[in-house]
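Colleague: A single structure is presented below for examination.
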Amino acid sequence: MRFTSTSAAILATSLQVAMAQTFTDCNPLEKTCPADPGLKSSTFNTDFTKGNASWSGAAYTTIGYGSNGAEFKIDQNKQAPTVQTDFYFLFGRVDVTMRASPGTGIISSVVLLSDVLDEVDWEFVGGDSAQVQSNFFGKGNTTSYDRVKYIPVSNPQENFHTYTFDWTKDRLQYLIDGNVVRTIQANEALTNYGHNYPQTPMRLKLGSWCGGCDGSPQGTIEWAGGKTTFDGAPFNMYVKSVSIQSYNPADNYVYSDNSGSWQSIKINGGSSSSDNGSKSSDSTTTATTTKPTTTAVVAPISNTAVVAPPTVTGASNSTSSNSTAAQPTGIKTTTAATNATKTTTSTGPAAATGAASTISTLTGASLLSIALAVFML
């Protein structure tokens, strides 16, 4: 695999923090961007106990595979093994069966992230064996910090659980082992009445990073549970399987304006919407059996702003065309392929040993009240 990376922007001043990804290859709120490649079929399944395909890795990411699935290993300072899907989807359900990494200061993350910096998160602190953090952001807005919620879970560092996002235009649900543990309505006050509700095509990112390592700001170290020592290393996060159900299968998605609203997203190559907004794909795609390669720019998942408030191989993947959930109405759909294609960058060697890096766009919202500090690479 060929990988690329970016540097990190981090600020923290207290134990109460909010997490937000701050980099995007091209932000459609600011300029016209290439189309986002979509998932053509309605479902995508990865069994990481059999290997890996249709995922891209960040620089220096080396993933092992075994009976526990994909192994994201941290055994030294400044590591951040990260993978992301090669496609986007607009509304859907994501199920990740995983075991979080132990270790003081080690963070495990499951993140949905869009080009306009809409974001949905599960975050696990290695020293916290009783809960997981749920969070979301809209358009990179970090001006308020009341969206995080702590969810009880039984020893996520020792037990495999299935963590789920079920995401529609009307509401976002978090589930653990099939049980709804949090619901966010699109137009509630917490989302600024819809403005900060995640509603643009997302990719899924999985990874772990060291918040307690040397070079982290003191506030980050405190939030991560303290200073990381590697006496007990390696610290491994395991992902056994991933299932993604796209509620709007497509060849690609195009932002028709700079509003960042779901109504502005054109779906190219998808089937027409029904009265209730549901969509289905009449095609079935079989994943290749070759080892994956990548042409996408992948920022390590540790490229995260930590912002304090003023208070407080191949056969492992399969796709199918069964679509079941209600979808947004009014989404623009066309069967004609757009001329815009996703611009990608690929540098470095074929294994995770390259040192090449690519600088992505730092959004204006992330600059508000943020001091930049290089954390990695």
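Colleague: Please work out the Cα center distance from region 162-198 to region 199-268, rounded to the nearest Å.
Modeller: 16 Å
Colleague: Additional query: Arranged by the count of other C-beta atoms within 10 angstrom, fewest first, what order do R203, R171 take?
Modeller: R171, R203
Colleague: Let me ask something additional. If each residue of separation counts as 0.36 nm, what is the full-extension length gain between Q263 and A233 once their alpha-carbon separation is subtracted?
Modeller: 6.1 nm
Colleague: Give the peptides 143-156, 204-217, 37-50, 230-243 in descending order of average Cβ contacts within 10 Å, highest first.
Modeller: My ranking of the peptides, most packed first, is 204-217, 37-50, 230-243, 143-156.
Colleague: Rg and Dmax in Å for region 38-272, alpha carbons only: what are they?
Modeller: Considering region 38-272 through its Cα atoms, Rg and Dmax are 17.5, 56 Å.
Colleague: If each residue of separation counts as 0.36 nm, what is the full-extension length gain between D146 and T183 once their alpha-carbon separation is subtracted?
Modeller: My answer for the length gained is 11.8 nm.
Colleague: Got a sec to turn the phi values of region 135-143 into Karplus ³J(HN,Hα) couplings, 6.51 cos²θ - 1.76 cosθ + 1.60 with θ = phi - 60°, whole Hz, x for Gly and Pro?
Modeller: Couplings: 7, 7, 9, x, 6, x, 6, 10, 7 Hz.
Colleague: If R0 is 30 Å, what FRET efficiency do you get for L190 and A130 from their C-beta distance, rounded to 0.05?
Modeller: E between L190 and A130, to the nearest 0.05, is 0.80.
Colleague: With 26 Å as the limit, write out which pairs from K73/K169; K40/K149; K149/K169; K205/K266 have Cα-Cα distances beyond it, or answer none.
Modeller: In this structure, K73/K169; K40/K149 exceed 26 Å between Cα atoms.
Laboratory data are not the source of any read-out in this text; all were calculated from the coordinates shown. Here the structure is a predicted model, which is why all the values come from computation and not from measurement. Glycine gets a Cβ as well: all are built from the backbone with ideal geometry, and neighbour counts include every protein chain shown.
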